[in-house]
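First the structure, in the form of structure tokens, and then the observations on it.
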Amino acid sequence: MSSTLWRVALIIVALYVDAQNAQLVPALFIFGDSLVDVGNNNHIRLSLIKANFPHNGVDYPDGKATGRFNNGLNSADFLAQKLGFAGSPPAYLFLEGRGNISSSILNGVNFASGGAGILDENSGGSLSMNKQVEYYATVHGNLVAQLGSAEAQKLVAKSLFMVVIGSNDMFSYFESNSKLKAKYTPQQYIDLLISTFKVQLQRIYNLGARRIVSVGVGAVGCCPSQRSKMNKTGDCVEEENNLARSFNTALKSLLASQLTPNLQGFRYALCNTYGVASKYFQNPSVYGFKDVMNACCGAGKLNARIACLPVVKYCSNRREYLFWDLYHPTQIVAQMLVDTFYEGSADHVSPINVKQLVSTSI
Ligand SMILES: *[C@@H]1O[C@H](CO)[C@@H](O)[C@H](O)[C@H]1NC(C)=O
């Protein structure tokens, strides 16, 4: 080949590689709670579940409070980065507020809402998982209208669907005077959550989703809020962690034994948040943590009696804290979890990791 041809060939290869690196999937759709909310709750006028004020966002560019429930970026943002997106998919209610969602949905949308649960009754002041699925149906309809049915189906099938839900359903069961606890045994409650979640996931599948990243619940009984309220010694609340583990076991079986055999082409990566986080609690220093008990931002016992409001103090060494506030992990934890789920081994993410999930052919 002449040198000019070589140069042209190299440019084509470079462009190709660049396009590949640019985005590993066409779009990213995110469902869930405050762990992945990028600002939906800012647009729910009457909701009290908000984070769009200091000191939230102190480590976000320009120290801006965006509505994310931590000091900076969250897992939705870090997953979008891993997948090569220029930015995190926009909050659905932000797009809706502008009156026209069409142009901004081709790279995905984030439906997640702080306070959301699988059950509507556990989702006061937020977009419940059912509501989020309903909004996704609207987005799907809009994609079909823009691209035509065949192209929309192709785009959606190749896209990634991240679902981070269940923690608020755990918290609700352990609220003082919980009606749920009076009504259901732990096993009945798990059955109800899983059968409800099953319908929600099936509905997303019926609207074209094929690649699901399902994130299990963490050690919710170890949140500063729960420790400070429910365990005199300030240790983790065992009964609550037991419920979380039961939920995760049932979730694993839902995905492997109920959905996979019955839904043609359904693929998933199940992220073992509980298992990964347990390592942080057991060996903090190995992972760079000095404090895995207290909230960085807050006041009172474990900095968890008063939430992270502008009037309270926050720690300067955020990298060394597992918890940002009484409920939420710090930015560094979100990043470490996504790194692990992306390329991790089968004890942390199974049956395949997220990297493998996005490279399976559709
Ligand atoms: C409080 O923590 C201790 C120590 O981990 C544990 O043995 C106990 O069961 C916990 N209490 C509750 C109510 O979870």
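The values are calculated or read from the model by the stated rules, or taken from the named source; none is laboratory data. No experiment lies behind these values; they were computed from the predicted model shown. Note: ideal-geometry Cβ built from the backbone for every residue, glycine included; neighbour counts use all protein chains shown. Heavy atoms of the whole protein, side chains included, go into the accessibility calculation; ligands, DNA and RNA do not. Shrake-Rupley method; radii C 1.70, N 1.55, O 1.52, S 1.80 Å.
The residues in region 99-118 that are open to solvent by 10 Å² or more (accessible area, probe 1.4 Å) and at pLDDT 95 or above can be counted, and the count is 3. Given the structure, is residue 318 open to solvent by less than 50 Å² (accessible area, probe 1.4 Å) and either more than 30 Å from residue 195 (Cβ to Cβ) or of a type in the set (A, V, I, L, M, F, W, C) (or both)? Yes, satisfied. Among the residues of this structure, residue 352 does not count as one that is within 28 Å of residue 22 (Cβ to Cβ) and crowded, with 18+ Cβ neighbours inside 10 Å.
The listed residues are 228, 278, and the only one of them that is closer than 19 Å to residue 346 by Cα, within 14 Å of the ligand (Cβ to nearest atom) and open to solvent by less than 60 Å² (accessible area, probe 1.4 Å) turns out to be 278. Evaluated against (1) charged (D, E, K, R); (2) open to solvent by 20 Å² or more (accessible area, probe 1.4 Å); (3) within 24 Å of residue 166 (Cα to Cα); (4) touching a residue at least 12 places away in the same chain (Cβ under 8 Å), residue 96 falls short on exactly one condition, (3). Here the helices (runs of 4 or more DSSP H) wholly within region 165-225 that include at least 3 residues being more than 16 Å from the ligand (Cβ to nearest atom) and closer than 17 Å to residue 126 by Cβ are 167-173, 186-206. When region 253-262 is limited to residues that are open to solvent by 20 Å² or more (accessible area, probe 1.4 Å) and in contact with a Phe, Trp or Tyr (Cβ under 9 Å, 6 or more places away or on another chain), the one that is farthest from the ligand (Cβ to nearest atom) turns out to be 260.
Exactly one of these conditions fails for residue 103: (1) in contact with a strand residue (DSSP E or B) (Cβ under 9 Å, 6 or more places away or on another chain); (2) among the hydroxyl-bearing types (Ser, Thr, Tyr); (3) not in a loop (DSSP other than H, G, I, E, B). Give me its number. Here residue 103 meets the rest and fails (1).
Can you tell me which residue within region 232-252, out of those that are assigned to a loop (DSSP other than H, G, I, E, B) and crowded, with 17+ Cβ neighbours inside 10 Å, is nearest to the ligand (Cβ to nearest atom)? The selected residue is 237.
Per the conditions (1) more than 23 Å from residue 54 (Cβ to Cβ); (2) assigned to a helix (DSSP H, G or I), the sole criterion not satisfied by residue 292 is (2).
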